[in-house]
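Okay, structure first, notes after.
Any read-out appearing in this document is the output of simple, stated calculations on the displayed coordinates, not a laboratory observation. Every value quoted in this text rests on a predicted model; they were computed, and no experiment measured them. Cβ placement follows ideal geometry from the backbone for every residue including glycine, while neighbour counts extend to all protein chains displayed.
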Amino acid sequence: MKAEILSGLKDAILNYESAEAVKYATLAVEQNIDPIEAMEAMVEAIKVIGDGFQTGDLFLPELVGAADVMQKATPIIEQSIRKQGMKRQTLGVVLIGTVFGDIHTIGKSMVTTLLSAEGFTVHDLGINVPSDDFLKAIDQYKPDILAMSALLTTTAPETTKVIAALEKTGKREQVKVMVGGGAISEDFANFVGADGYAPTAPGAVNVAKKLIS
Ligand code: B12
């Protein structure tokens, strides 16, 4: 049953079938399948679509269609993560956003959900966030951690801009900086002077815990 549900979720994305994705996501929750495993099944499928786009076998409408299907199923799984994981005390405050010029939201939302479920208070600024908006929000929310997501090689350098702006305005010592997203590697994170990096959403939670300890 579990294998069938996970492959049903994957196939729904690969075949651009929203109703199937919603059906299998709901079944996954009903059958108490580990929501992280359900998420991973969807990530595997969306990566196949991304690879197809890169090689020229698939085109933008397919990319958009698959992302749309994934976005229909994700909230159902995320709701179950939240229900299972709600902790009472706040571990710390995290400010998160996808950097300027970048509208990819799925990975950032997964990181947001897992951090919230683990007990962090998370303020999500959304996508396409200009450097100035990160700075203003730091004044407003006084986060322990600033988390930035970037999926494009052209937008990954925005993280450097934000870190430089933090330094220029004397805010760098106030906040730990964590970066991630498909366009960011550990080497890149070190290069831009971030305090933490993780390649996955569960990894982001571990890094956040280390950064505040
Ligand atoms: C879905 C998708 C889209 C959707 C996004 C929909 C949405 N609402 O998010 C749409 C169709 C809009 C889109 C548009 C574009 N896309 Co696109 N897209 C993808 C795709 C297929 C999947 C992205 C995704 O959601 N992955 C699943 C999530 C879960 O993975 P993730 O984001 O990496 O997040 C995980 C980790 O990285 C980590 N993480 C994420 N954020 C953070 C933050 C922190 C702090 C930490 C610690 C960890 C962390 O945790 C997550 C869970 O494990 C990728 C291919 C791929 N392999 O990723 C291409 C991809 C990213 N897109 C690409 C491109 C080129 C584009 C476009 C330029 C296409 C075009 N010609 O218009 C536009 C750019 C638009 C823009 N300005 O941003 C390229 C980027 C190439 C590059 N290296 O620069 C990719 C790699 C496809 C490819 N292989 O060519 N895209």
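Sorted largest first, the spans of the alpha carbon positions of the range 170-213 along the three principal axes are 29, 22, 12 Å.
In the structure shown, the pairs LYS168/LYS210; LYS83/LYS210; LYS83/LYS136 are assessed against 29 Å; a Cα-Cα span above that value is assigned to LYS83/LYS136. Label separation (ASN15 vs LYS171): 4.8 nm, computed from points 7 Å beyond Cα along the C-beta direction. Of all aspartates and glutamates in the structure, the ones whose alpha carbon falls short of 20 Å from that of LYS176, not counting any fewer than 8 places away in one chain, are GLU118, ASP124, ASP132, ASP133, ASP139, ASP144, GLU158, GLU167, GLU186, ASP187, ASP195. Pairs of Cα atoms nearer than 8 Å and 6+ residues apart set the relative contact order; for the range 2-85 it is 39 percent.
Highest GNM mean-square fluctuation among LEU95, LEU60, LEU125, for the chain modelled with Cα contacts below 10 Å: LEU60. Using the Stokes-Einstein relation with a Kirkwood hydrodynamic radius computed over Cα pairs, the translational diffusion coefficient of the chain at 25 °C and a viscosity of 0.890 mPa s comes to 139 µm²/s.
Computed about its Cα centre, the charge dipole of the range 1-54 is approximately 60 debye, with only Lys, Arg, Asp and Glu carrying charge at their Cβ.
With the charge dipole of the chain set up from +1 on Lys and Arg Cβ and -1 on Asp and Glu Cβ about the Cα centre, the Cα lying farthest toward the positive end among the listed residues SER80, ILE212, HIS123 is that of ILE212. Sorted on the mean count of surrounding Cβ atoms within 10 Å across their residues, most packed first, peptides 191-198, 146-153 read 146-153, 191-198.
Find the percent of Cα-Cα distances in the range 93-212 that exceed 19 Å, and round it to a whole number. Above the 19 Å cut-off, the range 93-212 has 36 percent of its Cα pairs. So what's the gap between the Cα centers of the range 88-127 and the range 10-77, to the nearest angstrom? Here the answer is 20 Å between Cα centres. Note on LYS47: lysines with a C-alpha under 22 Å away, same-chain residues under 8 apart excluded, are LYS2, LYS10, LYS23, LYS72, LYS108. Across all Cα atoms of the range 2-85, the radius of gyration (one decimal) and Dmax (whole number) stand at 12.5, 40 Å.
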